[in-house]
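Rule-based calculations on the coordinates, nothing more; no lab input. Note that the coordinates shown come from a computational prediction; the quantities given were computed from them, not determined experimentally. Quick reminder, even Gly has a Cβ in these numbers, built from the backbone with ideal geometry, and neighbours come from all protein chains shown.
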Ligand code: C5P
């Protein structure tokens, strides 16, 4: 497999084509951004930590029967993935209230959400990823109705697998964002799963172990990511 030109560069990852039209290389960079790119910093080791973290989680999800784009780790900061036709919708599940839902609905951070709640957001930087509903997705044709159903089912299935995985390691999976795409007409999990795109708290102390440490200037960002990884049994370089 040969890495070719850069196809796209996002806030924390870059995507490269390969000699196989159905495969791409994801490069996890050290760039860390928040508030739609207003706060940006380089955090040493982050690319490597997120690459290996993502590989571990994607493998767990594959083992549980959830199709993902992940193929294999290529280097400390790179992984090979299937090339998907991305669906421009973000799927968020929340087990505990935190972040935007607290502001939007005036609810206190830390409230258990029983059952967990689900939200769709439109992937659109210029519009700051507005919240949307299934009618919007249908009316504007952002995804086929059967694909929307599959995205919801898979996002909740991911919750069943990962909530338990984190709990067994003494952590609470507060919320997370997933993105999906199509490969051979099948809905497949894409993008990444790392502490950049989810909230994880220590079960006992509720210490924040995710990107909120960066957003809120709490310090110890990568140390927290590595602690989560170590508790899950991930070995970093
Ligand atoms: O900001 P909000 O509370 O809506 O985020 C919910 C979850 O989705 C958080 O874990 C956050 O890190 C993640 N998220 C993300 N990328 C976005 C929006 C949210 O990873 N563009």
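Things worth noting here:
- 10 °C / 1.306 mPa s Stokes-Einstein diffusion coefficient of the stretch 11-60, Kirkwood radius on C-alpha pairs, µm²/s: 131
- Quarter of the Cα convex hull surface for the stretch 165-237, i.e. its orientation-mean projected area (nm²): 5.9
- A viscosity of 0.890 mPa s and a temperature of 25 °C, combined with the Kirkwood radius over C-alpha pairs in the Stokes-Einstein formula, give the stretch 85-220 a diffusion coefficient of 156 µm²/s.
- With kT/(6 pi eta Rh) evaluated at 37 °C and eta = 0.692 mPa s, and Rh the Kirkwood radius from Cα pairs, the stretch 35-118 diffuses with a coefficient of 206 µm²/s according to Stokes-Einstein.
- Net lengthening on full extension, residue 206/residue 108 (0.36 nm per residue, minus Cα-Cα): 33.8 nm
- Percentage, to the nearest whole number, of Cα pairs in the chain over 34 Å apart: 10
- Take the Cα of residue 75, go 7 Å toward its beta carbon, and the backbone nitrogen atoms of the stretch 1-43 under 11 Å from that spot belong to 3, 27-28.
- The label point for residue 150 and the one for residue 39, both projected 7 Å from the Cα toward the Cβ, are 3.7 nm apart.
- Among 36-49, 190-203, 171-184, the order from most to least packed when residues are scored by Cβ within 10 Å on average: 190-203, 171-184, 36-49
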